[in-house]
Amino acid sequence: MFHVEHLNETDMKQEKSKFYSLTKILNKKADYNIIFGERSNGKTYAALLYGLKRFVATGEQFAYIRRWREDLRGKRAENLFSNHVANGAIEEITNGECNAIFYLSGKWYLAKYDAEKKKYYPQGTPFCYGFCLSEQEHEKSSSYPNVTTIIFDEFLTRRYYLPDEFMLFMNLLSTIIRQRDNVKVFMLGNTINKYCPYFSEMGLKQVTNMEQGTIDIYKFGQGGAVVAVEYCSTIVKQKASNKYFCFDNQNLQMITGGKWELAAYPHLPTKYTPKDVLFVYYIVFNEVILQGNIIQKGSENFTYIHMKTTHIKDDDNALIYSLEMNGKPNYKRKLLSTATYIEAQVTKYFATDKVFYQNNEVGEIVRNYLMTSARTNIVSVK
């Protein structure tokens, strides 16, 4: 079951505060809370503060997940809570007992810092554990019975997702949650790539159509998981820092206003007719079908990729690129493969920059398909 909830006037007034607040999405009482929007709007700060307050109030711990180990090393890990320390939030929520955060070996502790002695005095129990998806298999024998909040930060990326990343995430959640049902999961990201394996794997089919300032609710099965998806409103339309990002580049709107980042891709260089189409192939990705036409018009030879709004009629013979394994010989996974003559011909256009797109959205889909297919392991055969 799926429905959309737009923010009311009271919510919109709250949105005009300086930083993001979890209040609205927490009111949905969802198991998964997926939040994306502009960079530096306070998503991570708010989620970490939520975890901190729960630990101080109840002793319940939380988990902080990143994709790569590098994000949990050195200064990056040590400074994760630096804003909470600098603005006095740590002192406030602990009633002055602590004024600092101490990080050691993948764990964060509330601490008292003695400025004169330049020494930290951490509490005995960590309030947060760090995990990285790329090494999650090492966590299977560990137990975290007091973790009731899980925060997966920067789950959206314009670079590579790990092979079969969604299942890596699910396995890590299984390790942490075990047999319990009292855990709340937060997934936080910037609007840098809407074609994300998490959206497709979780069945969140309306993400690409969401408007800023809306929360979509998905309910899976009777008594199943509730997933709340929030596309954050712009917190402050004219931030003082916006002057540094005022250049004529549409992708800067992701930083200043939370618009989805889209690269600029070459569009159709010349009009053509059906008789100019030498060959047709298809790309199926994230429930979207793209049609690629190989065009020969006079001296111009290129491939043009566009949206296809109907089903593929001859799916037993047409060249179809899809991430799903399929026993039919016309189904391929690697778009840049040269295994057959015709595949080599398609690859040639990519190698010589002779690929044109209906729009930037189509370009983004192809880009994500190329990256995913290059790193995807074998999955189940249909």
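The values are calculated or read from the model by the stated rules, or taken from the named source; none is laboratory data. This one's a predicted model, so the numbers in the text were calculated from it and none came from an experiment. Using ideal geometry, Cβ is built from the backbone for each residue, glycine included, and neighbour counts are taken over all protein chains shown.
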*asked:* I'd like the full set of residues that are under 17 Å from Lys354 (Cα atoms), touching a helix residue (DSSP H, G or I) at 6+ places or on another chain (Cβ under 8 Å) and buried (at least 16 other Cβ atoms within 10 Å of the Cβ), limited to region 258-282.
replied: Tyr265, Tyr281
_Candidates Ile365, Ile342, Ile295, Ile312, filtered to the one that is among the hydrophobic types (A, V, I, L, M, F, W, C) and in contact with a Ser or Thr (Cβ under 9 Å, 6 or more places away or on another chain)_ = Ile295
_For region 39-94, which positions are basic (Lys, Arg) and either out of contact with any Ser or Thr (no Cβ under 7 Å at 6 or more places or on another chain) or at pLDDT 95 or above (or both)?_
Arg39, Lys43, Lys53, Arg54, Arg66, Arg67, Arg73, Lys75, Arg76
*Restricting to region 197-227, what's the tally of residues that are modelled with pLDDT under 90 and more than 28 Å from Thr372 (Cα to Cα)?*
4
*Can you run down the residue pairs with Cβ atoms below 9 Å, 6 or more apart or on separate chains, where the first is in region 167-183 and at positive phi and the partner is buried (at least 16 other Cβ atoms within 10 Å of the Cβ)?*
Arg178/Tyr144
